[in-house]
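Data block below; observations after.
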Amino acid sequence: MKEKSAVTYELIHECKQTGARRGVIHTPHGDIQTPVFMPVGTQATVKAMTPEELKEEVKAEIILSNTYHLYLRPGNKIVKEAGGLHNFMKWDRPILTDSGGFQVFSLGDLRKINEDGVEFKSHLDGSKHFFTPESVMEIEEDLGADIIMAFDECCEYPSTYEYTKNSMERTTRWAKRCKDAHKTTDKQALFGIIQGGFYKDLREQSVKDLIDLDLPGYAIGGISVGEPKEIFVEILRHTAPLMPKDKPRYLMGVGSPDYLIEAAMAGIDMCDCVLPTRIARNGTAMTSHGKIVVRNATYERDFRPLDEECDCYTCKNYERAYIRHLIKANEILGVRLLSIHNLRFLTNLMEKVKIEIEHDNLANFKEEFYKKYGYTK
């Protein structure tokens with residue numbers, strides 16, 4: 001008898017215009033209405049946000065935390081002693097933890113890859129560490145998220161066909177080892193990560209091999225890593241339809257409005273990115289008419305909200321001139337207000353996307369949004 005997964009997907013509607021999916025992901029800590037944008041809480045916190053603000057003002061349904069960073073600090077055993085991430089950070093809704101694979105390859109200094117795993121130096125203090133699929137499963141089980149990701153290798157862009165093929169095949173073998181090592185299947189769902197770089201045949205093989213493992217969900221990794229947008233869209237549209245229809249589909253590391261809409265149109269259910277809080281710290285806001293750098297002098301006497309169409313706490317209570325003043329004065333409140341706004345802008349965008357999918361109108365919505373936001377295509 002097949003073991004029941006801790007996380008399941010329910011399809012509600014497919015957009016007749018695009019094939020975009022409207023659904024629900026059921027998890028031990030609540031349901032997630034999809035497609036969804038997931039704020040990133042790298043260090044067991046979404047930067048500058050309290051859990052209450054994330055729920056009440058941002059209306060986030062699920063957040064991410066980072067295996068690599070939490071393993072290094074404070075340590076997965078401390079999080080486990082605290083009762084797991086949900087209790088540690090006082091967040092009672094779903095959590096997803098990535099495997100640390102991307103961070104090992106992008107942050108870990110002097111990494112050495114072999115079949116067993118990856119040796120790397122901490123970006124914090126230079127200490128040596130070794131990640132294997134088995135050790136990553138232990139770390140993620142200690143952290144206790146609802147969805148955990150298999151350990152993978154994220155190739156650089158560009159990478160040769162031969163390197164990408166070998167990397168993709170190793171990622172599949174690592175996914176099998178993750179599945180064999182994963183014990184808490186009643187509480188946590190293990191998702192596999194599709195790799196293969198920008199080679200369509202490798203993407204196809206990766207999907208096929210991972211589907212054979214019959215995991216509860218699947219993610220597309222290794223795109224949105226610096227390639228031109230047209231290549232991103234091409235690989236996304238080629239890969240997403242190959243993924244199982246009855247399981248969640250996750251596109252990793254995507255958070256700009258155009259990429260979120262493209263993801264939804266391709267049939268993706270979940271996306272995440274640090275972008276909204278990162279640009280907030282630089283004094284930038286997303287608005288219905290495009291990004292504005294509110295620290296610029298042009299907003300010194302601008303007494304309008306960041307976005308007159310936005311329903312967030314910031315836009316209902318504060319003006320551009322005041323937020324500019326806070327940013328210029330290096331006041332923490334300025335970053336907090338911009339973070340609330342940017343995060344809510346994206347969760348609100350995905351609420352609109354869900355409605356347009358239900359009305360079979362997503363392609364028209366995309367065209368109107370692009371024109372208004374200032375995207376050229």
Tell me the residue from SER135, SER167, SER159, SER106 that is out of contact with any Ser or Thr (no Cβ under 7 Å at 6 or more places or on another chain), among the hydroxyl-bearing types (Ser, Thr, Tyr) and loosely packed, with under 15 Cβ neighbours inside 10 Å, please. SER106
Which ranges mark the helices (runs of 4 or more DSSP H) fully within region 65-149 that have 1 or more residues being under 16 Å from the mean Cα position of the chain (by Cα) and within 24 Å of PRO51 (Cβ to Cβ)? 67-72, 101-106
Can you name the condition, by its number, that GLY267 falls short on among (1) touching a residue at least 40 places away in the same chain (Cβ under 8 Å); (2) surrounded by 20 or more Cβ atoms within 10 Å (Cβ to Cβ); (3) on the phi < 0 side of the Ramachandran plot? (3)
Residues in region 154-170 that are closer than 19 Å to VAL104 by Cβ and in contact with a helix residue (DSSP H, G or I) (Cβ under 7 Å, 6 or more places away or on another chain): how many? 4
(1) surrounded by fewer than 16 Cβ atoms within 10 Å (Cβ to Cβ); (2) part of a helix (DSSP H, G or I): which one isn't true of GLU356, the others all being true? (1)
Taking the residues in region 1-26 that are of a type in the set (Ser, Thr, Tyr) and in a strand (DSSP E or B) as candidates, determine which candidate is farthest from PRO248 (Cα to Cα). THR8
Which listed residue is of a type in the set (Val, Ile, Thr) and farther than 25 Å from SER5 by Cβ, from ILE95, ILE147, ILE113: ILE113
For region 27-46, enumerate the residues that are closer than 19 Å to TYR218 by Cα, more than 14 Å from the chain's Cα centre (by Cα) and not in a strand (DSSP E or B). PRO28
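A quick yes/no check of all residues on (1) in contact (Cβ under 8 Å) with a residue 12 or more places away in the chain; (2) under 30 Å from LYS80 (Cβ atoms):
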position: THR171; (1), (2): yes, yes
position: PHE191; (1), (2): yes, yes
position: TYR199; (1), (2): yes, no
position: LEU202; (1), (2): yes, no
position: PRO228; (1), (2): no, no
Only one residue in ARG281, ARG237, ARG249 is surrounded by 22 or more Cβ atoms within 10 Å (Cβ to Cβ), out of contact with any Ser or Thr (no Cβ under 6 Å at 6 or more places or on another chain), among the basic types (Lys, Arg) and under 30 Å from PRO158 (Cα atoms). Which one? ARG249
When residues of region 308-358 are limited to those that are over 23 Å from the mean Cα position of the chain (by Cα) and of a type in the set (Ser, Thr, Tyr), the one nearest to HIS13 (Cα to Cα): TYR313
Only one residue in SER256, SER224 is in contact with a helix residue (DSSP H, G or I) (Cβ under 9 Å, 6 or more places away or on another chain) and modelled with pLDDT under 95. Which one? SER224
Subset of region 178-215 (residues that are at positive phi and either among the charged types (D, E, K, R) or surrounded by fewer than 17 Cβ atoms within 10 Å (Cβ to Cβ) (or both)): ASP214
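The values are calculated or read from the model by the stated rules, or taken from the named source; none is laboratory data. Everything numeric in this text was worked out from a predicted model, so none of it was measured. Backbone-built Cβ (ideal geometry, glycine too); neighbour counts: all protein chains shown.
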